[in-house]
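The values are calculated or read from the model by the stated rules, or taken from the named source; none is laboratory data. Because the structure is predicted, anything quoted here is derived from the model rather than measured. Reconstructed Cβ throughout: ideal geometry from the backbone, glycine too, with neighbour counts over all protein chains shown.
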Amino acid sequence: MYTAGKYVGVLLMLGIAYSGSVYAERIKDIASIEGVRSNQLVGYGLVVGLDKSGDKTAFTGQSLRSMLARLGLTLPPGLDPKAKNIAAVSIQAELPAFAKPGQTIDVTVSSLGDAKSLRGGTLLMSPLKGADGQVYAIAQGSLVVSGLSASGQDGSSITVNNPNVGRIPGGATVERTVNNSFAEGDALVFNLHTSDFTTANRMAESINATLGANTAKALDATSVRVNAPLDPNQKVTFASMVENMTVSPDDAPARIIVNSRTGTVVINGKVRVQPAAVSHGSLTVTITENPQVSQPGAFAGGQTAVTPDSKISVEEEKNRMFVFNPGVSLDEIVNAVNKVGAAPSDLVAILEALKSAGALHAEVIVI
């Protein structure tokens, strides 16, 4: 437990040191079927109905002119359609695997110009394209914006969250199906979310123990190939059965993650330290200036002078020596660091010194 004024920072402990995995995960939670994936969609459109908080940029007026032309309305050549209730936006969406025409997906709408807010706006019909340039969905609807912006005549303003980004739940209708390789071939390949040779081997062994020998084969640290029926209907049932099997994942390698921006340090349960003695302390030198004014007597004939008066104090923190025994666990590392009250920056310095000395066998990752 941390008390106020002790030190700033957070030391998170993930997991407790143990000799082996004692838990099991479903295959569907640690792996995905090759070829069954979502696809990113992007589009461009106009948001109308804003309360004078729209764009003032030229390309928004050009977009409005083009849209009206497609609807059969031709504006005079010299007219510049600058409307403050319109904003140019980009539209992003994710097309799930096996999405069929007629289904709806959520979309995110973000301002492209200098609009002050998209609150209260409505997105006009806009096509959403994939990486191949084909239209896969059509988006339209009223925006849900959680942000709020307000300003006064004297120039003061306040902004809550981000008023230039909104969402439309179910705002896009799927128009095209993305083909995948699920129904093709006589096998399914399961790809682990985190590559690990031991976990891949355990997955293959678990499947073979349930479905028979040579049914599954680990191809590498990520992929496990499983023989499957040719009939698509039977393949769906087979995939459902396989993905609900349980596997005991192997422990992650010894890692220490340091977030340099927030001061967060994460140490997993496999970190070990070899015998080492650590001395860590800080020397604080304080110089205080207190000038004294020397005032001569009324008839002494002298001059007023300022006499410097400096006080120097030196303070060195104590109780900064601790010893790591052979193969100490995560609990012992955390307790030793907490006893000396090391801040996150001090902890990182200690860990880097231990690694340089060869006493810490873990990967230090700075993000």
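Which members of the range 113-133 meet the condition of being loosely packed, with under 13 Cβ neighbours inside 10 Å and either more than 15 Å from Met67 (Cβ to Cβ) or touching a helix residue (DSSP H, G or I) at 6+ places or on another chain (Cβ under 9 Å) (or both)? The answer is Ala131, Asp132, Gly133.
Looking only at residues in the range 30-67 that are part of a loop (DSSP other than H, G, I, E, B) and of a type in the set (S, T, N, Q), the one that is surrounded by the fewest Cβ atoms within 10 Å (Cβ to Cβ) is Ser38. Looking across the range 196-235 at every residue that is hydroxyl-bearing (Ser, Thr, Tyr) and closer than 18 Å to Gly35 by Cβ, the one that is surrounded by the fewest Cβ atoms within 10 Å (Cβ to Cβ) is identified as Ser223. Here Pro101 clears all of (1) under 28 Å from Ser32 (Cβ atoms); (2) in contact with a helix residue (DSSP H, G or I) (Cβ under 6 Å, 6 or more places away or on another chain); (3) of a type outside the set (A, V, I, L, M, F, W, C) except the condition numbered (2). For the range 270-287, filtered to residues that are assigned to a loop (DSSP other than H, G, I, E, B) and closer than 20 Å to Val366 by Cβ, the residue that is modelled with the lowest pLDDT is His280.
Of the residues making up the range 68-96, those that are over 31 Å from the mean Cα position of the chain (by Cα) and part of a strand (DSSP E or B) number 1.
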